[in-house]
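Here's the structure, in structure tokens; my notes come after.
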Amino acid sequence: MRQAGLIAGAAVAALIAAGGITYAVAEDGGSSSSLPAADSADAGFARDMAVHHQQAVEMSYIVRDRTKDTDVRRLAYDIAQTQANQRGMLLGWLDLWGLPKVSADPPMTWMGMGDMASGKDGSLMPGMATNTEMKKLGELSGKQAEVFYLQLMTDHHKGGIHMAEGCVAKCSVDVEKRLAQGMVDAQQSEIQLMGDMLKERGAKARS
């Protein structure tokens, strides 16, 4: 699909442009007083989105083994590579800030939603698939796997956009806010693409 290639190209360009982000954050944090605190939105977003992204990477590699469809495999590869790279940046910032990669607080606490994340059946944050859904994805094949992956990833992106918008509103580190806005823009485009791909397969998003 041409559109998938364009989105992938945009994602790669964004990552290249963000190549100096880690170093920029290190420079911004030249004095200890300017570093984000462990309970800040900056740290909370970095921790939570790293976990959120990891599941997207896992889902994408699962579906690549369950279908031979070129378009779905290409989209899955693009999502896996983009989100794995972004996850690395988020965890790298936590290292630079000298902050832990895990927290005793519930997920989404930094957004004031710590009491809403139930963690039921492994779904720790908005849009995340349950353990049951992940198992099912690994058991399907062909068109069924394609449709289920596209539905799961659409939900996943919607949850990710909600979190990224929260960082845009609440985070204080400019480069992190810019990365979050880039996530919003890219994932909105991918949701539209996945909607078209679902329609081609006689299906639609779950919500």
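Quick notes on this one:
- With each label modelled as a point 7 angstrom along the Cα→C-beta vector, the residue 206-residue 84 pair spans 2.5 nm.
- Three-way shape label, the stretch 124-166, alpha-carbon gyration tensor, a/c 1.5: oblate
- Centroid-to-centroid separation of the stretch 145-173 and the stretch 66-94 [C-alpha atoms, Å]: 13
- Taking 7 Å steps out from each Cα toward its Cβ at residue 192 and residue 141 produces label points 3.6 nm apart.
- Compactness of the stretch 51-172 was expressed as the Cα radius of gyration divided by 2.2 N^0.38 Å, which yields 1.12.
- Anchor residue 101: lysines whose Cα lies under 30 Å away (excluding residues fewer than 8 positions away in-chain): 120, 135, 136, 158, 170, 177
- Heavy-atom accessible surface of the stretch 160-201: percent carbon and sulfur, 1.4 Å: 47
The values are calculated or read from the model by the stated rules, or taken from the named source; none is laboratory data. Not measured: the values here are computed from a predicted model. Neighbour counts are summed over all protein chains in view; Cβ atoms, including those assigned to glycine, are modelled from backbone coordinates with ideal geometry. To get the accessible areas, we keep the full protein, side chains included, count just its heavy atoms, and leave off ligands, DNA and RNA. Shrake-Rupley method; radii C 1.70, N 1.55, O 1.52, S 1.80 Å.
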